[in-house]
Amino acid sequence: YFDRPACFLLSAHILYRMVEALKRVGETARLSAILIGTVVGAGFVSGAELVRFFPTENFLPCAFLAALLIFLGFALLFYCGKKYGGFEGTLCRVFKNFAPAVRWIVLAASLMTSAGMLAGLDSVMLEGFGVPKSVPLLSLGVLIAVYFLSEKGTAAIGWVNLCLVPAILVFVASLAFRRVDFSYAFYPAREPFAAVCLVIAYAGMNVFLAAPVVCDLGAKYGGGTVAAAGASLVIGASIVIILANIFAAGANAIGADMPLLAVMGAQSVMGKIFAIVSAFGIVTTLFSSWYPLHARAKRCRHARSARVLLCAAAFLLSRFGLKNIVGFAYPLLGLCGILFLGACALKCFFPKKNSPMHSAKGRERM
């Protein structure tokens with residue numbers, strides 16, 4: 001015999017714990033989707049950036065290294081955001097007098113990446129559906145949507161990624177069933193040191209571009225180690241699947257503007273599906289890239305005019321084309337990412353002995 005009130009209270013407590021656990025799972029899934037969405041953009045889904053940073057021969061270890069570095073980078077940014085109160089706090093505490101210069105570099109990188117995403121949408125419409133780049137209907141429509149939805153901040157990024165990222169991952173997973181190998185030598189093999197340097201630059205670039213969003217998420221939600229681990233595993237597996245399919249198709253696919261679309265066949269059913277999935281990936285990254293630009297424009301005296309000017313600048317830069325933007329800007333962004341993350345790691349784990357925090361701890365011991 002059990003006391004009915006006690007049974008009721010026990011049942012209510014168990015139900016409450018289950019709801020809380022589901023909330024945590026949902027929050028982790030949403031954070032993972034945001035992290036994946038910051039990386040899985042036009043250059044990633046199409047393979048345009050991957051073929052420039054990864055070797056054609058024995059690329060599997062490089063993909064694992066990239067996943068590990070992306071995890072460490074995301075975990076570091078979550079930690080910085082939690083410790084310093086978001087992205088602005090991280091800039092001020094890590095770079096101090098150089099914070100304004102670093103902020104402008106981040107904004108320039110975000111603008112260039114946003115332009116790359118818009119150029120990617122134009123490439124999708126041209127190669128997937130035959131719409132010329134001189135008629136940028138999709139890129140303009142998406143840019144207008146980003147202009148208005150960015151008012152919701154990280155919440156909008158989370159919901160956009162949660163809706164679109166699963167469709168991207170399902171498509172990428174379907175490519176794993178194609179007959180592929182993991183080592184192709186259409187070009188001379190890179191030296192191991194050069195290959196590792198390029199992978200480090202690739203991971204640094206992606207984490208650097210995600211820094212404003214991830215740091216603010218760290219300030220809002222605290223630690224995101226589990227979300228970072230899940231996202232990096234998915235990203236690493238996707239790199240392997242996409243590169244295996246591109247390298248299996250040969251040199252023509254590797255040199256294409258959108259290599260994976262060349263593998264699928266632009267006029268085939270899979271090519272049309274790929275074009276739609278690429279657009280999804282571009283939209284998720286565009287929202288993340290636009291986040292710091294929108295946040296900075298809101299602090300201007302004429303915020304609306306600043307946002308319109310940024311939209312116009314991103315659209316005009318997108319006219320250079322996806323391949324040119326990826327080839328020129330992305331290596332520079334990789335170098336910026338390495339320097340940025342290195343400075344954050346030094347500040348977090350090797351603080352100066354004469355810092356105020358260290359001095360306070362010393363006085364407490366005395």
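Compare the Cα positions of Ile246, Cys197, Ser110 along the charge dipole of the chain (+1 at Cβ of Lys, Arg; -1 at Cβ of Asp, Glu; about the Cα centre) and return the one farthest towards the positive end. Among Ile246, Cys197, Ser110, the one farthest towards the positive end of the dipole of the chain is Ser110. Pairs from the table (Lys152/Lys272; Lys83/Lys352; Lys82/Lys347; Lys298/Lys352; Lys133/Lys298) lying more than 25 angstrom apart at Cα are Lys152/Lys272; Lys298/Lys352; Lys133/Lys298.
In the distance distribution for the chain, Cα-Cα pairs more than 31 Å apart total 37 percent.
Under the simplified labelling scheme, the Arg319-Ala176 pair shows an inter-label distance of 4.4 nm, with each label point 7 Å from Cα along Cα→Cβ.
Full extension of the chain between Arg304 and Phe328 gives 5.6 nm of extra length, using 0.36 nm per residue less the Cα-Cα distance.
Between 0 and 90 degrees, the angle of helix 4-39 with respect to the longest Cα principal axis of the chain falls at about 40 degrees.
Shown for the chain: the carbon plus sulfur share of the solvent-accessible area, taken with all protein chains present and a 1.4 angstrom probe, equals 70%. Rolling a 1.4 Å probe over the protein heavy atoms gives the chain an accessible area of 49 Å² per residue. For the chain, find the longest principal axis of its Cα atoms and tell me its angle to the long axis of helix 356-365, 0 to 90°, nearest 10. Between the helix axis and the principal axis of the chain, the angle is about 30 degrees.
Relative to the longest principal axis of the chain, what angle (0 to 90°, nearest 10) does the C-alpha long axis of helix 269-298 take? Helix 269-298 sits roughly 50 degrees off the main axis of the chain.
Simple spin-label estimate for Phe64 and Met18 gives 4.0 nm between the two label positions (7 Å along the Cα-to-Cβ direction from each Cα).
Using only side-chain charges placed at the Cβ, +1 for Lys and Arg and -1 for Asp and Glu, the dipole size of region 52-168 relative to its Cα centre rounds to 500 debye.
Dipole size of region 119-276 about its Cα centre, with +1 on Lys/Arg Cβ and -1 on Asp/Glu Cβ: approximately 220 debye, rounded to the nearest 20.
The values are calculated or read from the model by the stated rules, or taken from the named source; none is laboratory data. Because the structure is predicted, anything quoted here is derived from the model rather than measured. Glycine also receives a Cβ, built like all others from the backbone with ideal geometry; neighbour counts cover every protein chain displayed. Side chains are part of the model used for accessible areas, which takes the heavy atoms of the whole protein and leaves out ligands, DNA and RNA. Shrake-Rupley method; radii C 1.70, N 1.55, O 1.52, S 1.80 Å.
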